[in-house]
1. Are any residues in region A:54-81 over 21 Å from A:GLY33 (Cβ atoms) and either of a type in the set (Phe, Trp, Tyr) or assigned to a helix (DSSP H, G or I) (or both), and if so, which ones?
2. Within region B:68-88, track down each residue that is away from ligand 1 (no atom under 16 Å from the Cβ), within 14 Å of chain A (Cβ to nearest Cβ) and not polar (S, T, N, Q).
3. Test A:ALA119 against the stated conditions and say whether it is among the small types (Gly, Ala, Ser), closer than 23 Å to B:ASN104 by Cα and assigned to a helix (DSSP H, G or I).
4. Got a number for residues in region B:109-148 being more than 28 Å from B:ARG80 (Cα to Cα) and within 14 Å of another protein chain (Cβ to nearest Cβ)?
5. On the basis of being among the basic types (Lys, Arg), at pLDDT 90 or above and open to solvent by less than 70 Å² (accessible area, probe 1.4 Å), does B:LYS103 make the cut?
6. What do you reckon, is B:ALA215 among the small types (Gly, Ala, Ser), more than 16 Å from ligand 1 (Cβ to nearest atom), out of contact with any Gly (no Cβ under 6 Å at 6 or more places or on another chain) and within 25 Å of B:VAL18 (Cβ to Cβ)?
7. Taking the options B:GLU7, B:GLU17, name whichever one is among the acidic types (Asp, Glu), away from chain A (no Cβ under 14 Å), outside any loop (DSSP other than H, G, I, E, B) and away from ligand 1 (no atom under 13 Å from the Cβ).
8. So which of A:VAL144, A:VAL114, A:VAL134 is within 14 Å of chain B (Cβ to nearest Cβ), touching a helix residue (DSSP H, G or I) at 6+ places or on another chain (Cβ under 6 Å) and closer than 30 Å to B:ASN50 by Cβ?
Amino acid sequence: MTTFLKITLELLEGFGKTCEIFFVTLALALPLGLVIAFGSMCRLRPVRAVVRAIVWVVRGTPLMLQIIVVFYGPSLIFGVYGFDRELAAIVAFVINYACYFSEIYRGGIQSVPVGQREAGQVLGMSKTQIFFRVTFMQMIKRIVAPMSNEIITLVKDTSLVRVISVVEIIMVAETSMRKGLIWPLFYTGVFYLLFVGLLTLLFRYAEKKLEYIKI
Amino acid sequence: MEYYHVEGFRKRFSETEVLKGIGFDLPKGKIMAIIGASGSGKTTLLRCLNFLEKPDEGKIYIDGALLFDAKARYSERELREKRLRSGLVFQSFNLFPHYRALKNISLAPELLARRHIRAYRKEQLEASRGEPFFARRKQVRRRTRAYAKELKETNRERAESLLAEVGLADKRDSYPHELSGGQQQRIAIARALALSPDVLCFDEPTSALDPELTAEVLGVIRRLKGQTMIIVTHEMSFAREVADYVLFMADGVVEEAGTPEEIFLHPKSEKTKAFLKCREENS
Ligand SMILES: Nc1ncnc2c1ncn2[C@@H]1O[C@H](COP(=O)(O)OP(=O)(O)O)[C@@H](O)[C@H]1O
Ligand SMILES: [Mg+2]
């Protein structure tokens, strides 16, 4: 019993790190994704091309590779050391997820009929007003489902930070495994399942809340 | 030159020239119907008149003053200002699906009011210059708040009276999808009227509607007395009944224009005759 309690507490601590990476990534990647989405729809061709190329590279290479590059890159290329591991992991996550989110945003924005924007224009609204007052909620309505998929994937992707030795829940379980205990590894699954279950409920609630918008 | 004067509108989409020099005059408070075959450029003309499309050439005068010249360069802000002078009711309504009927109507005036509020605040700050800092701030804030509240109230009342005008006072809290097509178009008309445009344009306002819903929308338009209007329509009988002037467009030019009697009873152009004959056979 005491082992169970001890392991639970250890895993909980590891899971704290998992949550930390999850929430910080989400908080930064959601707005950054919107900025990237605007960049990829920019009327200036060079801007659009550069942004789309970046998105292509980020989405086309493994997140694990990106984490490694962000952490070791600066020291190998510029000889700068002492880069914080967790910070590196978060930077990689934010860039990666912002790019994925940006594509979802772009799809959402572009699927709002042009007539909506034009109605706003004719009513003398500014571009910013049209985006926030007309397009935004319709976009949100359309992206809840793909966003929830992506966000649930993020929960599980956090386990990748171990490649640069940031200690999260699975790494904790692995430490016990080396001491001969196999069950903590399975036990980590419970944490993930509970967390993802909670998120699923949250998204279902959001979808329900958005039911009033019919498109 | 009449109240609303349009001259020399040209618009080319890559290969094809859609508008080939269109102009007309419309006195204040009068209604002009634009008729013409599909593809003759009617929608493009209305879109140019509302600056959704940039014409290659053309000028608009309102009340004798030049409002727009295609040759000039206008900033986004100036164009927005100019758009407020005219309104456009779309074929497909384009109501905002996430707002209730009342909000659909009051949204644009509310956003516009913000500008008035900012200007008012600035004015108040100017006027109270020299008074003690904190007292002055406090007073300006209080006055601005009162002014904002007043504007909000006025906007709401106006939106409600417009709802009543289009006969939908009881639908103020309905979302667009809860309304019939005819009701949606009536809300769209109220929404366009809320900004009190000098000229209100309609692009085939009833062509997306079933025949039984067409009547209620036309009824609403008929009752807008005193509003200068340009109505692109396929409803010949309606054009004949409400319009003061009729303009027949063909291939991007004004083929013939005149009073309803002139166009419908004594058309001069062969194209007009053919078009009207074809219409008659269809209906
Ligand atoms: N954005 C556009 N790009 C290219 N061609 C267009 C565009 N908009 C309209 N056109 C063309 O202009 C012509 C006139 O269209 P339109 O103004 O919609 O006519 P109407 O409303 O009288 O039916 C059509 O041949 C149409 O294909
Ligand atoms: Mg048309």
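1. Answer for region A:54-81, where residues must be over 21 Å from A:GLY33 (Cβ atoms) and either of a type in the set (Phe, Trp, Tyr) or assigned to a helix (DSSP H, G or I) (or both): A:ILE68, A:PHE71, A:TYR72, A:GLY73, A:PRO74, A:SER75, A:LEU76, A:ILE77, A:PHE78, A:TYR81.
2. Within region B:68-88, B:TYR74, B:GLU76, B:ARG77, B:GLU78, B:LEU79, B:ARG80, B:GLU81, B:LYS82, B:ARG83, B:LEU84, B:ARG85, B:GLY87 meet the criteria.
3. The answer is yes for A:ALA119.
4. 0
5. It is true that B:LYS103 is among the basic types (Lys, Arg), at pLDDT 90 or above and open to solvent by less than 70 Å² (accessible area, probe 1.4 Å).
6. no
7. B:GLU7
8. Being within 14 Å of chain B (Cβ to nearest Cβ), touching a helix residue (DSSP H, G or I) at 6+ places or on another chain (Cβ under 6 Å) and closer than 30 Å to B:ASN50 by Cβ holds for just one of A:VAL144, A:VAL114, A:VAL134, which is A:VAL134.
The values are calculated or read from the model by the stated rules, or taken from the named source; none is laboratory data. Given the structure is predicted, the values throughout are model-derived calculations rather than measurements. A quick note on method: Cβ atoms are made from the backbone with ideal geometry, for glycine too, and the neighbour counts reach across all protein chains shown. Heads up: the accessible areas ignore ligands, DNA and RNA and are worked out on the full protein's heavy atoms, side chains in. Shrake-Rupley method; radii C 1.70, N 1.55, O 1.52, S 1.80 Å.
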